[in-house]
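Here, each number is a calculation from the coordinates, and none is a lab measurement. Please read all numbers here as calculations on a predicted model, not as lab measurements. Cβ placement follows ideal geometry from the backbone for every residue including glycine, while neighbour counts extend to all protein chains displayed.
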Amino acid sequence: MNIISIALLLCTLCTTLFGASFRDDFAVVFIDTASEAKYGTFPLDRSLLASAIQKASDLHARGVVLKFFFDLPKAEAGDNALAHALTNLPVVLQARIDDTTTDPNPLPARFTLSGMKTQTEVSGRSGWIPIPRFVTNAYDVGFVDFSSTRVPLLESYQERTVKSLVLCCIELATGKKAVIEPGQKVTFGKRALQLDAHNCIQAKLPMKDDLAYIPFEKFLAGDIPANLIHGKIVIIGYDGSQMHSFSTTIGQVRAHRLFIYDLQSIYNQ
């Protein structure tokens, strides 16, 4: 056996023994300027997001993560289409804490960690919770209250412990429910992440902001190789000019890019 063959065998063994990488398990689809040129300015009609979920299902994705807030109803036809699409395959929705929200939608108990009380970096009593018709059909709901590389895996909402969207993504990708030892570690099967006292974890940014993604309009058109989606978790977000950005060590980074970089760093740990 030559050196190249040995190297390939070792790579295969590493993947088998230690789990795949972010690139192996996730696909990132962004609504960008080209997508807006085709479908109109963001936010797009929710029927288009419903079509994206159907496309992910057709291409045999394992699940979808929607990086949008659905705390308010919109056009009836679009909302009906999206609510129905959420039943096609596991779809994770996001929420956030915002105590200025006066009448939040209810968060079902199945999206909380019953009986777990722990210190968290973020807590609140109100927020942007998906509307009932969406949350009913959602596979999971995760919170996204961070704007840096210090990422909470747990938050507190209405005195209940809830999962962050990052934690939901890892559970979906690994197929393992997290076993959580608050303030110590969280385990997914044989893989574990160390937590600090506030149940946060430190991510690391890449050397530069050069995220590779699939444009939304190409994804909907099916103008991509099927193996980019097959068996993966598809994260659908926005990367157009309306997206706010955060100051980081590699410059200003748009919010959904920062989420992907943080998730990628944590997942590859």
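So here's what we get for this one:
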item: Net charge dipole size for the chain [Lys, Arg +1 and Asp, Glu -1 on Cβ; Debye, nearest 20]; result: 660 debye
item: Nonlocal amide H pairs with Asp98, under 5 Å, H built at 1.01 Å; result: Ser126, Gly127, Trp128
item: Ordering of 206-215, 164-173 by packing [mean C-beta count within 10 Å, highest first]; result: 164-173, 206-215
item: Along principal axes, Cα extents of the range 138-251, largest first, whole Å; result: 44, 33, 30
item: Under-5 Å amide H pairs with Ser164, H placed in peptide plane, nonlocal only; result: Phe143, Leu154, Glu155
item: nm² value of the averaged projected area, convex hull over the Cα atoms of the chain; result: 15.4 nm²
item: Choice from Ser35, Ser47, Ser114 with maximal GNM fluctuation in the chain (Cα, 10 Å cutoff); result: Ser114
item: Rel. contact order, % - alpha carbon contacts under 8 angstrom, at least six apart, the range 154-269; result: 21 percent
item: Linear extension gain, Ser247 paired with Lys176, 0.36 nm per residue minus alpha-carbon span; result: 22.2 nm
